[in-house]
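Peer 1: Below: one structure in structure tokens.
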Amino acid sequence: MQTHTFQSVEPREAALAFLAGRHDLLIGGEFVAGAGRRIIVENPATAVQIADVGAASLDQLDAAVSAARAAANGAWGRMSGRDRGVILARFADLLEANLDLVAEIMTLDNGSPLSSSRMVVKYLAVELFRYYAGWATKISGDSFAPTIGARPGQDFLVATIREPIGVVGAIVPWNAPPGMMAMKMAPALAAGCTMVMKTAELAPLTGEIFGRLWGEAGGTAGAFNLVHGFGEDIGGAMAGHAGIDKIAFTGSTAVGRKIVEAATGNLKRVTLELGGKSPVVIFPDADMAAAIPAAAMACFLSTGQQCMAGSRLFVHADVHDQVAEGVARFAASLKIGDGLQPDTVLGPAISARQKARIEAYAAIAKAEGAVPLLETPAIDSPGHFIGPSIFTGVTPDMRIAQEEVFGPVLSILHFDDEDELIAAINGTPYGLSGSVWTSHIQTALRVAKRIDSGQVGINIHGAMSPETPFGGNRQSGWGRELGREGLDAYLKTKAISFAIGVKP
Ligand code: NAD
């Protein structure tokens, strides 16, 4: 069993200086103090307050939306794709130059191990801005001659052009803010949209660095606006705002549903990246040396606080005990601690509330008859640390196999019949991700195709890249982010018909 150290680590000078500064909103290119409720930000590893952030008032939200509209109708809307791409590429470079600071602030804000925070900033933010900077010069429509509609002697040509949707309201969660923001900001701005970004009230601080770098990159004032705020008031007001043309949301399924309801007023477009209950499937012919640690990390990475968490492990009956014991042994060895400690693998839960929610699920699992295989004793620390727990004997109908925990709780289920396996996998409201572990390519492909989710890995879990569309099926979301589809989500098509040679 691994020993854990819960000593907190003093942030470096640059991070301390950042925390000691003002934490403002960015509206129309100006930093202004939020006039709404106070957001007290704590470090989840210590439960100590690290910042006091002013949320936007409703008037300030209106001002941010007006600034975005003015930029859409003005300088940003008129700018060439080439020039937008140059600014986005410069933003990527600046973000990369500030990677240490952004990653450290992410860790202080939400508790992620520093190594994970660095990966998020580099691969889900810097590289995304670079990728979409390239797309800004490659937005194009189509042209064709329709087969009906032209009169005799007349030529008829249709050209489609792709136009930005307009003003985007982006609402992001706390679990990986730089990545969640970049997944919306980079394609929206590349498409020529302007935006108001709302940070998550539990981890708002990295958003502010994005705001500062936007100005440094030469970004047009008002094209990117940043507001802090609580979900129910500022988030809800954004979803219902008549001046916003589209909401791009990442968060829970319950809130996604509220956003859809609030968006009906002006029938704004909505894309949703929501929760998941993703399966990891291990067949007897899998490479166990790779599959066992990967199955553990699929669930426990980010202390289970990630949307793609492989929280249901389906193991073939022939290898059930070997896999279950291997996963438990690996999970017990994971070092829990302050994310700033270099060897930490599992940081704390985001809040005392989230920790209590996770603990409640472990109790529910036991009450439902699941068998505890690994339980981590309560951790004596002011931080919100919680270790992994693993249950065997889980059946598909149990709450622990149906509901998203968003914490380090793994349910192990066994199978021997493929049809029953697929029915169990697809028998939750979610369809976000999943992985299949086997050395038989036909099995891999057959099962991957039958899993109803936005992405499936074969001998890998949770792979992402800027080029690869990402999103969920059913109650895991609407639409896709990343790749070309991620850009399309910010464009609308106009068909222009040319009648050539019409006689009056
Ligand atoms: P959450 O839904 O509670 O909050 C997300 C955001 O929505 C926050 O900014 C919050 O302020 C805002 N919000 C809350 N209530 C609102 C309302 N009524 N109207 C408008 N906005 C509102 O989610 P969370 O706890 O921050 O994040 C965890 C959830 O996010 C999990 O369910 C997880 O699966 C999901 N998630 C999904 C993805 C994905 O890409 N599919 C990625 C990360 C997280």
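The values are calculated or read from the model by the stated rules, or taken from the named source; none is laboratory data. In this text, all values refer to a predicted model and were calculated from it rather than measured experimentally. In case anyone asks, the SASA skips ligands and DNA or RNA and just uses the protein heavy atoms, side chains included. Shrake-Rupley method; radii C 1.70, N 1.55, O 1.52, S 1.80 Å.
Peer 1: Rounded, prolate or oblate: which one fits the range 77-182, using the alpha carbon gyration tensor with axes a ≥ b ≥ c (rounded when a/c is under 1.5, else prolate when a/b beats b/c, else oblate)?
Peer 2: Numbers: a/c = 4.00, a/b = 2.91, b/c = 1.37.
Prolate.
Peer 1: Any idea of the accessible area per residue across the range 251-349, 1.4 Å probe, to the nearest Å²?
Peer 2: Details: 3260 Å² over 99 residues.
For the range 251-349, the solvent-accessible area averages 33 Å² per residue.
Peer 1: What are the ³J(HN,Hα) values, in whole Hz, obtained from phi via the Karplus relation 6.51 cos²θ - 1.76 cosθ + 1.60 with θ = phi - 60°, for each residue of the range 434-450 in sequence order, with x given for Gly and Pro?
Peer 2: x, 8, 10, 10, 6, 9, 9, 5, 5, 4, 4, 5, 4, 5, 4, 5, 8
Peer 1: For the range 332-348, just list the computed ³J(HN,Hα) in residue order, Karplus coefficients 6.51, -1.76 and 1.60, θ = phi - 60°, integers in Hz, with x standing in for Gly and Pro.
Peer 2: Calculated HN-Hα couplings, in order: 5, 8, 6, 6, 9, x, 4, x, 7, 5, x, 9, 5, 9, 10, x, x Hz.
Peer 1: Moving on. Would the chain count as rounded, prolate or oblate if I go by the C-alpha gyration tensor, calling it rounded below 1.5 in a/c and otherwise prolate when a/b exceeds b/c, oblate otherwise? Each step should come with its number before you reach the end.
Peer 2: Values: a/c = 2.12, a/b = 1.31, b/c = 1.61.
Oblate, because a/c is 1.5 or more while a/b does not exceed b/c.
Peer 1: Let me ask something else about it. Provide the solvent-accessible area of LYS355, counting protein heavy atoms only and rolling a 1.4 Å probe, rounded to the nearest 10 Å².
Peer 2: Surface open to solvent at LYS355 totals about 40 Å².
Peer 1: Which percent, nearest 5, of DSSP beta bridges in the chain are antiparallel? Could you put the intermediate results ahead of the total?
Peer 2: Numbers: 31 of 68 bridges.
Of the beta bridges lying entirely in the chain, close to 45 percent run antiparallel.
Peer 1: Related question: To the nearest 10 square angstrom, what accessible area does ASP452 show with a 1.4 Å probe?
Peer 2: Its accessible surface works out to 60 Å², give or take rounding.
Peer 1: For ILE460, ILE148, write out the residues from largest to smallest accessible area, computed with a 1.4 angstrom probe and no ligands counted.
Peer 2: Values: ILE460 85, ILE148 140 Å².
From most exposed to least exposed: ILE148, ILE460.
Peer 1: Could you give the distance between the Cα centres of the range 310-375 and the range 396-411, to the whole Å?
Peer 2: 11
Peer 1: What percent does the relative contact order of the chain come to when contacts are Cα pairs within less than 8 Å and at least six residues apart? All intermediate terms of the calculation are to be shown ahead of the outcome.
Peer 2: Working: 1185 pairs, mean separation 92.5, N = 504.
Here the relative contact order equals 18 percent.
Peer 1: If you don't mind, there's one more thing I want to ask. Provide the solvent-accessible area of ARG257, counting protein heavy atoms only and rolling a 1.4 Å probe, rounded to the nearest 10 Å².
Peer 2: We get 120 Å² for ARG257.
Peer 1: Still on this structure: Ordering ASP52, ASP245, ASP318 from largest to smallest accessible area (1.4 angstrom probe), what's the sequence? Each step should come with its number before you reach the end.
Peer 2: Details: ASP52 65, ASP245 45, ASP318 120 Å².
Order by accessible area, largest first: ASP318, ASP52, ASP245.
Peer 1: Taking amide H atoms as placed 1.01 Å from N in the peptide plane, list the residues 5 or more away in sequence, or in a different chain, whose amide H sits under 5 Å from that of ASN473.
Peer 2: GLY431, LEU432, GLY454
Peer 1: Which ³J(HN,Hα) values in Hz, rounded to whole numbers, follow from the phi angles of the range 470-477 under the Karplus curve 6.51 cos²θ - 1.76 cosθ + 1.60, where θ = phi - 60° and Gly and Pro get x?
Peer 2: 9, x, x, 9, 6, 7, 8, x
Peer 1: Give me the accessible area per residue for the range 1-160, probe 1.4 Å, as a whole number in Å².
Peer 2: Working: 7810 Å² over 160 residues.
Counting only protein heavy atoms, the per-residue value for the range 1-160 is 49 Å².
Peer 1: For the range 5-131, go through all pairs of different Cα atoms, get the mean of 1/r, take its inverse, and jot down that Kirkwood value in Å.
Peer 2: Values: mean 1/r = 0.0593 Å⁻¹.
Answer for the range 5-131: a Kirkwood hydrodynamic radius of 16.9 Å.
Peer 1: Also, I was wondering about something else. In whole angstrom, note down how far apart the Cα centers of the range 435-504 and the range 44-94 are.
Peer 2: Going from one Cα centre to the other spans 27 Å.
Peer 1: Can you list residues whose amide H is under 5 Å from VAL270's amide H, if they're 5+ apart or on another chain and H is modeled 1.01 Å from N?
Peer 2: ILE247
Peer 1: Rank these by accessible area, largest first, 1.4 Å probe: SER278, SER252. Don't skip to the end; give the middle numbers.
Peer 2: Details: SER278 0, SER252 50 Å².
Sorted by accessible area, descending: SER252, SER278.
Peer 1: Next question. Under 5 Å between amide H atoms, partner at least 5 residues away or on a different chain: which partners does PHE224 have, H built in plane at 1.01 Å?
Peer 2: Placed amide hydrogens put MET195 under 5 Å from PHE224.
Peer 1: Out of the total accessible area of the chain (probe 1.4 Å, heavy atoms of protein only), what percent is carbon and sulfur? Please list the in-between numbers first.
Peer 2: Numbers: 11080 of 19980 Å².
Its accessible area is 55 percent carbon and sulfur atoms.
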